[in-house]
1. Quick one: count up the residues across region 106-123 that are within 30 Å of Gly66 (Cβ to Cβ), under 24 Å from the mean Cα position of the chain (by Cα) and part of a loop (DSSP other than H, G, I, E, B).
2. State all residues of region 148-197 that are basic (Lys, Arg) and under 19 Å from Ser86 (Cβ atoms); if no residue qualifies, say none.
3. Within region 55-94, track down each residue that is among the polar types (S, T, N, Q) and away from ligand 2 (no atom under 16 Å from the Cβ).
4. Every residue in region 5-20 that is out of contact with any Pro (no Cβ under 8 Å at 6 or more places or on another chain) and more than 12 Å from ligand 2 (Cβ to nearest atom), please.
5. Could you list all residues from region 107-125 that are under 20 Å from Glu170 (Cα atoms) and aliphatic (A, V, I, L, M)?
6. For region 212-232, indicate whether the set of residues that are assigned to a strand (DSSP E or B), in contact with a Cys (Cβ under 9 Å, 6 or more places away or on another chain) and buried (at least 16 other Cβ atoms within 10 Å of the Cβ) is non-empty.
7. How many residues are closer than 25 Å to Asp201 by Cα and crowded, with 16+ Cβ neighbours inside 10 Å when one looks only at region 61-81?
8. Kindly establish whether Glu182 is more than 16 Å from ligand 1 (Cβ to nearest atom), in contact (Cβ under 8 Å) with a residue 40 or more places away in the chain and among the charged types (D, E, K, R).
Amino acid sequence: MSAPALSAHSLRKVIGTRTIVDDVSFDLMPGEVFGFLGPNGAGKTTTIRMLVGLIRPTSGTIAICGYDIRREFERAMRCIGCIVESPDLYRFMTGRENLEHFARMLGVPAAEIPRVAGLVDLAHRLDQRVGTYSLGMRQRLGIAQALLGKPKVLILDEPANGLDPAGIREIRELLRNLAATESLAVFVSSHLLGEIELMCDRVAIIHKGRILRAGSVGELISSQRAMELHVGDVARAENVLRDRNVAFTQENGRLFLPIEETDAPPILAALFEAGVPLYAAKPRVQTLEEMFLDATGGETVG
Ligand SMILES: Nc1ncnc2c1ncn2[C@@H]1O[C@H](COP(=O)(O)OP(=O)(O)OP(=O)(O)O)[C@@H](O)[C@H]1O
Ligand SMILES: [Mg+2]
């Protein structure tokens, strides 16, 4: 197992009397796309601003490529490429001129420009003015700019915001590709669940400044397995389950048991013996969306 590219431990940010980010910890591994999913105001941008050194955590530690940002700020920052909110681009200049300008500021050789333009598939439009670019192309140019210093970690705040489905797919494929081919650790925030589900290897769900759940998309879904029973006599079925100390919830006459399919037969047999008409028993896999609603107490995301 390689070392984390970025490691955040017990991050907290208090502004005035409000705790905006509370005890946030996670590791970001090389080659993975990590999603930070949460509704508006959850604390995503505040967390990102701490990661990229724009604001100081009230407490907690951040290490990037092993460099603690308090002790070795410059070295840590050299490992990061980021876009916080929207990329800083000059619309009256061409894509190439924008990249040249940022390369000069970073002290990066101009030879890097064709490399990053190729990575984001913009080489063919590089000599046109940014004002003529679509939002998706501007986002890709922003990513090219963030890649100029050959970072190990790419941090993007809501990279798909405002993009149409084709633009979202392009960004998704680009980020997955960068993680795989460049071994980049990619951190993306979003309030769009479908996007995170398709783009990320792992996800942390943040709500009111706290991480509610974290894990691989697959793990989060499988941790939510349940059996759904459709029975003819709900009251009698509930009594049978209570007698056997089987946990359950009931919604609209359907019973949900937090068990695996393989644990179902003795329970189904007991219901059958008690004369409960059994219409259907099927495993239910909660989607990430249902899980999110569950975890956040019903406050919706896009
Ligand atoms: N400088 C600040 N002073 C006071 N409150 C702040 C400050 N910055 C952020 N907040 C508050 O902290 C909370 C989290 O804000 P943040 O911008 O991190 O959320 P977010 O998850 O990025 O939301 P969005 O999806 O809207 O971008 C919000 O309630 C916001 O109003
Ligand atoms: Mg934000």
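1. 1
2. Within region 148-197, just Arg172 meets the criteria.
3. Correct list: Thr58, Ser59, Thr61, Thr94.
4. Leu6, Ser7, Ala8, His9, Ser10, Val14, Ile15, Gly16, Thr17, Arg18, Thr19, listed by residue number.
5. Val116, Ala117, Leu119, Val120, Leu122, Ala123
6. No - not one qualifying residue is present in region 212-232.
7. Residues flagged as closer than 25 Å to Asp201 by Cα and crowded, with 16+ Cβ neighbours inside 10 Å within region 61-81 amount to 11.
8. Taking the combined requirement at face value, the residue satisfies it.
Every number in this text was worked out from the coordinates using simple rules, so none of it is lab data. Since the model is a prediction, treat every value here as computed from it, not as a measurement. In this analysis, Cβ positions are derived from the backbone assuming ideal geometry, glycine residues included, and neighbour counts consider all displayed protein chains.
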